[in-house]
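None of the figures in this text is laboratory data; all of them are computed from the coordinates on show. Only a predicted model underlies this, so the values are computations on that prediction, with no experimental measurement involved. Note that we place each Cβ from the backbone using ideal geometry, even for glycine, and neighbour counts take in every protein chain shown.
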Amino acid sequence: MIYEVSVAGKTHKLELQRHGSSWRCTLDGSEITVDAVPTRENVLSLIIGGKSYEVKEEVVGAESNVVVGNQRFPATVRDPRSLRSRRSSAAGAEGVKKINAPMPGKVVRVLAPAGSEVDAGQGVIVIEAMKMQNELKSPKKGVVKKLTVAEGAAVDAGQTLAEVE
Amino acid sequence: MFNKVLIANRGEIALRVIRACKEMGIATVAVFSDVDRAALHVTAADEAYLLGPAPARDSYLNIAKILEIARRSGAQAIHPGYGFLSENPQFARACSEAGIKFIGPPASAMELMGSKTRARQAMQAAGVPFVPGSSKGLALGEAEALANQIGYPVMIKAAAGGGGKGMRMVASPADLKSSFETAQSEAQRSFDDSEVYLEKYIANPRHIEIQVLADEHGNAIFLGERECSVQRRHQKVIEEAPSPIVDEEMRQRMGAVAVQAAKSSGYANAGTVEFLVDGERNFYFLEMNTRLQVEHPVTELVTGLDLVHLQLRIAAGETLPLSQADVRLRGHALECRIYAEDPDNNFFPSPGKIRRLIQPSGPGVREDCGVYEGWTVPLDYDPMLSKLIVHAPDRKMAIARMQRAINEYFVGGIKTNLGLFRRILANLDFQAARIDTGFLDRLLSVPADQAGASHTNNLSNTAAIAAALFSATSKPGLNGTVKTSNGNASQNEASAWKKAARTEGVRER
């Protein structure tokens with residue numbers, strides 16, 4: 001399988017071939033043998049050239065990180081094969097991503113009004129709760145389709161504030 | 001001793017008290033709000049009763065309801081934990097009127113210490129050193145005269161204050177009027193009491209506190225000190241015992257003053273006398289906390305005592321089972337308060353579901369934790385998840401042990417301040433104990449260094465491989481094109497692996 005992996009802003013081309021618990025990885029042209037064993041859900045034990053790593057997959061809201069040792073790397077994986085399969089499947093609710101309020105608070109600013117184009121990770125709305133301001137980011141690249149709140153509005157936890165398509 | 005105790009609290013402290021009760025053969029009654037039905041303290045207790053809706057005023061602050069549950073369940077005593085009703089004299093009084101023992105000091109001592117100006121008056125009468133300034137509420141004119149007399153900078157503080165509210169530093173006479181008025185209105189808003197007083201500003205003080213223990217027969221001892229200088233917005237972040245700057249002579253002097261403060265206020269049970277310590281190691285009475293403190297475990301580890309056991313015994317009318325000479329300090333202890341908050345986003349609270357929890361263990365590690373994997377941290381209460389505490393022969397090894405334990409710790413699904421502890425523990429000033437209450441703000445004003453770039457680069461390749469492996473081994477149908485969510489994916493890792501293997505098989509043919 002061939003993947004396009006973005007880690008901390010850098011894009012890698014990566015090919016994986018499995019042989020038992022051993023994987024032959026071709027990372028940007030160089031070959032690396034990785035022994036990988038799942039220890040728990042979202043946790044893998046890797047041995048690469050005798051070095052042992054515990055790696056964790058961490059998802060908080062719209063962010064996806066891979067944690068290696070103490071270091072956290074924002075990571076996205078593109079699988080060309082599943083891209084094809086997704087295109088052929090009916091475009092349902094999956095194409096629309098919602099931005100929900102993480103906790104009750106007040107909308108203090110709208111950064112991307114309805115109709116504006118946003119990148120993944122771009123701030124859309126700023127809410128204030130417990131005297132702290134929090135920027136809610138777009139979960140994907142797209143267009144802000146719906147903005148259900150205005151500046152100054154009180155919002156409940158879980159309330160959908162905007163939709164990005 | 002009591003047969004049954006109700007714990008009027010939640011989270012790790014409720015569990016802490018339940019554990020102590022179990023060890024002493026005491027039955028436990030938990031109370032909980034709507035959102036805490038599945039909380040650890042509920043499952044750990046022998047009995048559990050619903051208080052009401054999530055907001056604290058409808059649940060953990062509902063005095064009438066808590067007393068009704070105590071009566072109905074036959075609890076003889078109530079442990080208030082910290083926060084919520086723990087320092088509310090009305091609650092202590094209502095308990096005694098209901099014939100239920102409040103595990104803490106008498107209401108009168110709580111009232112005295114709850115008013116900073118009254119406490120200062122009492123300490124003045126008892127000859128306890130305190131920060132120069134007034135011991136009563138002031139009008140603006142009086143404040144101006146006093147500030148000129150003791151010299152700028154000065155602090156204006158709310159008499160009913162706490163947590164930094166109603167508190168203003170004034171650098172020069174020109175700013176006094178506006179700061180005074182702001183502090184007054186903030187005090188009125190926060191505490192429904194606009195009384196403010198003034199004291200000398202101590203530059204970069206250390207925060208050092210003495211644990212005291214008093215029985216109801218006039219005996220009082222102290223259990224050494226804790227240093228809590230690593231603070232953010234007047235909230236403690238790391239605590240340790242003993243303080244690196246307190247020697248035996250200073251400890252004895254501070255302890256004598258703390259015991260004197262407890263005795264002169266008619267104190268009983270566990271309490272803490274807080275001091276500010278200046279650059280010349282002069283110490284000044286700040287306030288007395290009339291409850292068990294969050295950071296009590298560091299004292300437990302260096303003294304070998306169990307403070308909750310002792311609280312229960314004192315409340316049951318026993319005399320102190322040890323004398324001052326029996327108190328011996330051994331080694332060094334550190335505590336980190338682990339919060340569901342995002343240090344990279346202004347410490348914004350991060351409630352939500354804990355999807356993965358990997359906890360440290362091994363020699364010298366204690367964790368007082370109030371959460372579990374699968375638990376949803378509610379947004380209605382303080383976002384503290386856990387207290388990680390280590391004990392080692394000396395401070396250097398305690399820091400190394402804490403670093404080791406923090407590196408074993410992993411919380412997935414919500415943000416935590418674990419990374420902040422890595423930064424503090426690696427800081428050279430912290431390691432050299434050059435800390436004061438401004439330390440953490442100074443540390444946070446500098447962006448985190450990107451040390452070890454080549455090392456990071458190497459790890460980033462490993463991260464790329466790991467990301468692809470996670471993608472390859474999770475359930476195919478559930479992944480989007482861009483993998484951004486695994487919330488419901490890979491319930492069964494083994495079968496996901498099989499599927500990946502099958503996919504591989506198909507491709508290789």
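Before moving on, here are some points about what is shown:
- Across chain A, the relative contact order, built from alpha-carbon pairs under 8 Å that are at least six residues apart, equals 16 percent.
- Surrounding net charge for residue B:73, when Lys and Arg each add one and Asp and Glu each subtract one, Cβ distance under 13 Å: +1
- Förster radius 41 Å - calculated FRET efficiency between residue B:97 and residue B:145, Cβ distance, rounded to 0.05: 0.40
- Kirkwood radius for chain B, taken over all pairs of different Cα atoms as the inverse mean of 1/r, rounds to 24.9 Å.
- Unit charges at the beta carbon, dipole of chain B: most positive-side option, B:29, B:375, B:94: B:375
- Translational diffusion of the stretch B:346-414, µm² s⁻¹ [Kirkwood Rh, Cα pairs; Stokes-Einstein; 10 °C; 1.306 mPa s]: 121 µm²/s
- Charge tally around residue B:228: other residues with Cβ under 14 Å, Lys/Arg +1 each, Asp/Glu -1 each, net -3.
- For the protein assembly as shown, DSSP calls about 90 percent of its internal beta bridges antiparallel.
- ³J(HN,Hα) computed for each position of the stretch B:330-344 - Karplus, 6.51 cos²θ - 1.76 cosθ + 1.60, integer Hz, glycine/proline x: 9, x, 9, 10, 10, 10, 10, 8, 8, 10, 7, 8, 10, x, 7
- Volume of the convex hull of the protein assembly as shown (Cα atoms only), normalised per residue: 174 Å³.
- Across the stretch B:119-210, the convex hull enclosing all Cα atoms gives 101 Å³ per residue.
- Mean Cα-pair separation over length for the stretch A:93-164, i.e. relative contact order, pairs under 8 Å, 6 or more apart, %: 43 percent
- One compactness figure for the stretch A:93-164 is 0.99, namely its Cα radius of gyration divided by 2.2 N^0.38 Å.
- Of the beta bridges in chain B, as assigned by DSSP with both residues counted there, near 80 percent are antiparallel.
- The calculated 222 nm mean residue ellipticity attributable to helices in chain B amounts to -11500 deg cm²/dmol, summing -39500 (n - 2.57) over DSSP H runs of n ≥ 4 and dividing by all residues.
- Here is the tail figure for the stretch A:2-78: Cα pairs spaced more than 16 Å apart come to 56 percent of all pairs.
- For residue B:4, neighbours were defined as the other residues whose beta-carbon sits under 9 Å from its Cβ, and their charges (Lys and Arg +1, Asp and Glu -1) total -2.
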